[in-house]
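The block underneath contains the structure these notes are about, expressed in structure tokens.
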Amino acid sequence: MELNVLKDEYSTCSKCPELVDYRSQVVFGSKHMNKCPVMIIGEAPGKVEDENGEPFVGRSGQILNKFLEEIGLTRDKVFITNTILCRPPENRNPKSDELLHCRERLDKTIEILNPKVIITLGNFATKYLLETKEGITKVRGKVYEKNGRNIVPMAHPAVVLYNGSSEAIMTQFRADFSVVKGLLGN
Ligand code: URA
């Protein structure tokens with residue numbers, strides 16, 4: 001299956017009634033649809049993403065872009081998506097049934113893209129992909145092999161917004177992105 005076929009399939013998804021009522025559109029993933037060696041999984045679309053139909057195009061996205069550029073990656077070289085495809089009301093956390101409804105889509109996306117590295121951003125995507133109860137501070141910046149794939153968990157870029165770009169946080173992100181750079185052999 002091609003990624004655009006999967007995208008079409010989910011463009012009218014109605015599995016989560018509360019999200020269907022609230023969303024403007026389903027935010028499937030990066031608009032370019034290129035096959036990329038790096039896949040990035042965030043939490044859920046926010047307001048700007050819901051309006052634009054693309055993940056990480058708001059303030060967290062600008063921070064993500066900066067760290068990607070530092071390791072020589074541009075947005076067309078990564079495929080970005082989220083644990084769920086629709087904006088939750090008031091940006092609340094995804095509910096467990098919503099995560100479950102969107103799981104098959106995520107697994108199929110990974111299978112089609114067959115990325116060399118998967119970056120999980122924040123607790124939700126990380127716990128979900130690694131099937132761990134460990135918090136992000138404990139697991140971040142290491143490489144985990146799961147179903148034959150390399151997963152590198154990191155903090156969610158929104159922490160830079162909350163922490164005012166503190167030196168410690170920036171250093172931590174740079175260290176974690178350099179792990180990805182190493183896996184790509186760059
Ligand atoms: N935060 C996320 O987790 N995903 C987005 O797409 C935007 C912000």
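The values are calculated or read from the model by the stated rules, or taken from the named source; none is laboratory data. On a predicted model such as this, the values are computed, not experimentally measured, just so you know. So basically every Cβ, Gly included, is an ideal-geometry build from the backbone, and we count neighbours across all protein chains shown.
Annotation note: of 48, 117, 26, the sole residue that is over 13 Å from the mean Cα position of the chain (by Cα) and surrounded by 19 or more Cβ atoms within 10 Å (Cβ to Cβ) is 26. Taking the criterion of being part of a helix (DSSP H, G or I), exposed (fewer than 13 other Cβ atoms within 10 Å of the Cβ) and within 13 Å of the ligand (Cβ to nearest atom), the only residue of the range 67-113 that qualifies is 91. Looking only at residues in the range 83-100 that are of a type in the set (S, T, N, Q) and modelled with pLDDT of 95 or more, which one is farthest from residue 46 (Cα to Cα)? Only one residue tops the list, namely 96.
Considering only residues in the range 73-98 that are without any contact (Cβ under 8 Å) to a residue 12 or more places away in the chain and not charged (D, E, K, R), the one that is nearest to residue 34 (Cα to Cα) turns out to be 74.
Just wondering, is there one or more residues in the range 2-20 that are assigned to a loop (DSSP other than H, G, I, E, B), surrounded by 22 or more Cβ atoms within 10 Å (Cβ to Cβ) and either over 14 Å from the mean Cα position of the chain (by Cα) or more than 13 Å from the ligand (Cβ to nearest atom) (or both)? Yes, some residue in the range 2-20 is assigned to a loop (DSSP other than H, G, I, E, B), surrounded by 22 or more Cβ atoms within 10 Å (Cβ to Cβ) and either over 14 Å from the mean Cα position of the chain (by Cα) or more than 13 Å from the ligand (Cβ to nearest atom) (or both). Within the range 99-126, residues that are closer than 16 Å to residue 142 by Cβ sit with their Cβ atoms under 7 Å from residues that are assigned to a helix (DSSP H, G or I) and not aliphatic (A, V, I, L, M), at 6+ positions apart or across chains, in these pairs: 120/126.
Conditions tested, residue by residue: (1) farther than 18 Å from residue 154 by Cα; (2) of a type in the set (Gly, Ala, Ser).
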residue: 11; (1), (2): yes, yes
residue: 22; (1), (2): yes, no
residue: 65; (1), (2): no, no
residue: 76; (1), (2): yes, no
residue: 92; (1), (2): yes, no
residue: 95; (1), (2): yes, no
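Residue selection: residue 124 fails the criterion of being within 27 Å of residue 163 (Cα to Cα), of a type in the set (Phe, Trp, Tyr) and away from the ligand (no atom under 12 Å from the Cβ).
Can you tell me which residue among 67, 124 is of a type in the set (Phe, Trp, Tyr) and either touching a Pro at 6+ places or on another chain (Cβ under 7 Å) or more than 25 Å from residue 35 (Cβ to Cβ) (or both)?
Result: 124 is the single residue among 67, 124 that is of a type in the set (Phe, Trp, Tyr) and either touching a Pro at 6+ places or on another chain (Cβ under 7 Å) or more than 25 Å from residue 35 (Cβ to Cβ) (or both).
Under the condition of being near the ligand (Cβ under 9 Å from one of its atoms) and among the charged types (D, E, K, R), the residues counted in the range 33-46 number 1. Considering the range 120-154, the residues that are in a strand (DSSP E or B) and hydroxyl-bearing (Ser, Thr, Tyr) include one that is surrounded by the fewest Cβ atoms within 10 Å (Cβ to Cβ), namely 144.
With respect to (1) β-branched (Val, Ile, Thr); (2) surrounded by 20 or more Cβ atoms within 10 Å (Cβ to Cβ); (3) more than 11 Å from the ligand (Cβ to nearest atom), the lone exception for residue 63 is condition (3).
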